[in-house]
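A short write-up of the structure that comes next.
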Amino acid sequence: MVQTDILAFGAHPDDIELGCGGTLIAHQMIGHSIVMVDLTYGEMGSRGNKEIRIEEATAASKIIGAKSRMNMGFSDAFFTIDEKHIRELVRVIRHYKPRVVLCNAVNDRHPDHGRASSLVSQACYYAGLDKIKSQWVGSYQATWRPHAVYHYVQFYDIKPDILFDISKVIDKKMEAIRAHTSQFYNPHSKEPQTLISQPAFLDNIMARASYYGQYIGAAYAEGFTTERTPGINNFFHLL
Ligand SMILES: [Zn+2]
């Protein structure tokens, strides 16, 4: 069964864990299927290399409980929003048929994040157009448009439209982040220091989750912006 509940995209192999790892773990624990898609191998990052990052991403996806994780192999730092990239993503969206898509912040310190956000969002729309033809292992694909696209907040302080309670899974989220050993604080590493390899970076991830949590009476939360106004039919379903 290919149909997937949540398809999570990230420009780089640790984006998903940092931005929405807790939300994915929480959904996985109640039986929803998750597939993770990295657009690049993060090969332009100061630390690690393609091979190391594939290993780390695989380990992290197991902690999250994803059904699978794939990499689009787009060029880190240089992928563009064009027909070729949109068509490649349309194929993946039509293949996994997600109800919900999670992707990068709409605008962020790393320029790839905003570009990836827009690219994924556009592909979700175009995947629903019948005149855009695509194939998967030789067979034409049916159209598919996800019900909703949510953008996780990353470095920039974007005001979220939705806060997701991750109190019960914060430890597992941090474990999935730390699976990216080459990227984060490691006193024995000989690689160059980066913003995210400072010990304070992981503390700040916790601090933001705690800050978001207070708005919904939870210990920790992750924040998302949405393109589509969320609808409910029962006010008591909100936290
Ligand atoms: Zn990134």
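With protein chains left intact and a 1.4 Å probe, residues in segment 6-237 average 50 Å² of accessible area per residue.
Starting from one equal scatterer on each C-alpha and no solvent at all, send me the Debye-based log10 I(q)/I(0) for segment 89-222 at q = 0.09, 0.11 Å⁻¹, two decimals. Rounded to two decimals, the profile gives -0.38, -0.55. Sorting Glu55, Glu222, Glu175 on solvent-accessible area from highest to lowest, probe radius 1.4 Å, gives Glu55, Glu175, Glu222. For the residue pairs Lys67/Lys168; Lys50/Lys173; Lys97/Lys133; Lys97/Lys173; Lys84/Lys133, alpha carbon separations beyond 18 Å are given by Lys67/Lys168; Lys50/Lys173; Lys97/Lys173. Is segment 1-130 best put as rounded, prolate or oblate by its Cα gyration tensor, with a ≥ b ≥ c the root eigenvalues, rounded for a/c under 1.5, and otherwise prolate when a/b is larger than b/c, oblate when not? Judged from the Cα gyration tensor, segment 1-130 comes out oblate (a/c at least 1.5, b/c at or above a/b). Seen from all directions on average, segment 6-237 presents a Cα convex hull projection of 13.0 nm². Placing a label point 7 Å from the Cα of Lys62 along the Cα-to-Cβ line, no residue of segment 169-186 has its backbone N under 12 Å from it.
For His12, His147, His32, His27, the ranking by accessible surface with the largest value first comes to His147, His32, His27, His12, using a 1.4 Å probe. Sequence-distant contacts, meaning Cα pairs under 8 Å at least 6 residues apart, place the relative contact order of the chain at 24 percent. Surface composition of the chain: carbon and sulfur make up 55 percent of the accessible area, probe 1.4 Å.
Counting only DSSP H runs of at least 4 residues, each contributing -39500 (n - 2.57), and dividing by the residue count of the chain, the helix-based mean residue ellipticity at 222 nm comes to -11500 deg cm²/dmol. When nucleic acids and ligands are ignored and a 1.4 Å probe is applied, Asp165 ends up with an accessible area of around 60 Å².
The values are calculated or read from the model by the stated rules, or taken from the named source; none is laboratory data. Because the structure is predicted, anything quoted here is derived from the model rather than measured. Cβ sites come from the backbone with ideal geometry, for glycine too, and all protein chains shown count toward neighbours. What goes into the accessible areas is simple: the full protein's heavy atoms, side chains included, and nothing from ligands, DNA or RNA. Shrake-Rupley method; radii C 1.70, N 1.55, O 1.52, S 1.80 Å.
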